[in-house]
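Structure first, commentary second.
Bear in mind that the values in this text are calculations on the coordinates, not laboratory data. Just so it is clear, the model here is predicted, and its values are computed rather than measured. Positions of Cβ are generated from backbone atoms using ideal geometry, with glycine treated the same way; all protein chains shown enter the neighbour counts.
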Amino acid sequence: MENDSTDRIKVAVETYHNIPRGRPKSGRPWKTLRNERFSAIRTTKTKKLNWDEKMKKRAEKKSIKKFEKELKEKRSKDLETKRIRQEEIKKRRLENERKSEVVQTIKDTAKIKRMKKKQLRKIEKR
């Protein structure tokens, strides 16, 4: 009797799984059909490390992080010094430009009022 009922169940399950699949509502026929629940999926366990190995790995990670931090600090310091140097060079260049300029003083304001816009743009007040 028991054998007969289990056979019936097996046949029912097989026929259920052999029913042709219709078009999915989402319209994505390439999606795979899941027959089992998510909780039934088995995952592989990772090998547990002993204390010494764990500490070694932790120390290695720490040293790598320290090295990365040092590299970043060095790079930022280099960039900062480069920026400061560029600013100094720019400042010096401007000073040298000002020193080498030929300056002409304009005494009467009437001359400035007669000037065209293009000429006024070239004038600098110092």
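Taking a cut-off of 19 Å between Cα atoms, list the lysines near K65, but don't count ones fewer than 8 places away on the same chain.
K54, K56, K57, K74, K77
Figure the gain on full extension for E36 and K91 (residue separation times 0.36 nm, minus the Cα-Cα span) and round it to one decimal in nm. Walk me through the numbers before you get to the answer.
Working: separation 55, 0.36 × 55 = 19.80 nm, distance 7.37 nm.
Roughly 12.4 nm would be gained on extension.
May I ask for the distance between the Cα centers of region 1-22 and region 72-101, given as a whole number of Å?
Going from one Cα centre to the other spans 83 Å.
When the Karplus curve 6.51 cos²θ - 1.76 cosθ + 1.60 is applied with θ = phi - 60°, which whole-Hz ³J(HN,Hα) does each residue of region 75-85 get, with x for Gly and Pro?
5, 5, 5, 4, 4, 5, 5, 4, 4, 4, 4
Hey, what number do you get for the chain at 222 nm if only DSSP H runs of n ≥ 4 count, each worth -39500 (n - 2.57), divided across all residues, to the nearest 500?
Numbers: 4 runs with 78 residues, N = 126.
The per-residue figure over the chain is -21000 deg cm²/dmol.
Dividing the Cα radius of gyration by the Kirkwood radius, what Rg/Rh value follows for region 1-73?
Rg/Rh: 1.40.
Applying the Karplus parametrisation 6.51 cos²θ - 1.76 cosθ + 1.60 with θ = phi - 60° to the phi angles of region 104-121, what ³J(HN,Hα) value in whole Hz is obtained for each residue in order, glycine and proline being reported as x?
Once θ is set to phi - 60°, the couplings for region 104-121 become 10, 8, 10, 8, 9, 6, 4, 5, 5, 5, 7, 5, 7, 4, 4, 6, 5, 5 Hz.
Rounded, prolate or oblate for the chain? Axes are the square roots of the Cα gyration tensor eigenvalues, ordered a ≥ b ≥ c, and the cut-off for rounded is a/c under 1.5.
Values: a/c = 11.12, a/b = 2.46, b/c = 4.52.
Taking the square roots of the gyration eigenvalues as a ≥ b ≥ c, the chain is oblate.
Are there any trypsin sites (Lys or Arg not before Pro) in region 4-78 that are in a DSSP loop and have at most 10 other Cβ atoms within 10 Å? List them by number. Write down the numbers at each step before the final one.
On the way: sites: R8, K10, R21, K25, K31, R34, R37, R42, K45, K47, K48, K54, K56, K57, R58, K61, K62, K65, K66, K69, K72, K74, R75, K77; in loops: R21, K25, K31, R34, R37, R42, K45, K47, K48.
Answer in residue order: R21, K25, K31, R34, R37, R42, K45, K47, K48.
List the pairs from K10/K31; K47/K69; K82/K125; K99/K122 whose alpha-carbon separation is above 28 Å, in the order I gave them.
Where the Cα-Cα span goes over 28 Å, the pairs concerned are K47/K69; K82/K125.
Where Lys and Arg each count +1 and Asp and Glu each count -1, what net charge lies around V103 among other residues with Cβ under 14 Å from its Cβ? Please report the intermediate quantities before stating the final value.
Details: positive: R98, K99, K107, K122, K125, R126; negative: E97, E101, E124.
Local net charge: +3.
Across region 6-20, in residue order, what do the Karplus-derived ³J(HN,Hα) couplings come to in whole Hz, using 6.51 cos²θ - 1.76 cosθ + 1.60 with θ = phi - 60° and x for Gly and Pro?
Computed from phi, the couplings for region 6-20 are 5, 5, 4, 4, 4, 5, 5, 5, 4, 5, 5, 6, 8, 5, x Hz.
So if each residue of separation counts as 0.36 nm, and I subtract the Cα-Cα distance between I112 and N50, what length gain in nm does that give?
Result for the pair: 13.5 nm of gain on full extension.
Around W51, with a cut-off of 13 angstrom between Cβ atoms, what is the net charge of the other residues, counting Lys and Arg +1 and Asp and Glu -1? Write down the numbers at each step before the final one.
On the way: positive: K48, K54, K56, K57, R58; negative: D52, E53.
Spelling it out: positives minus negatives among the neighbours equals +3.
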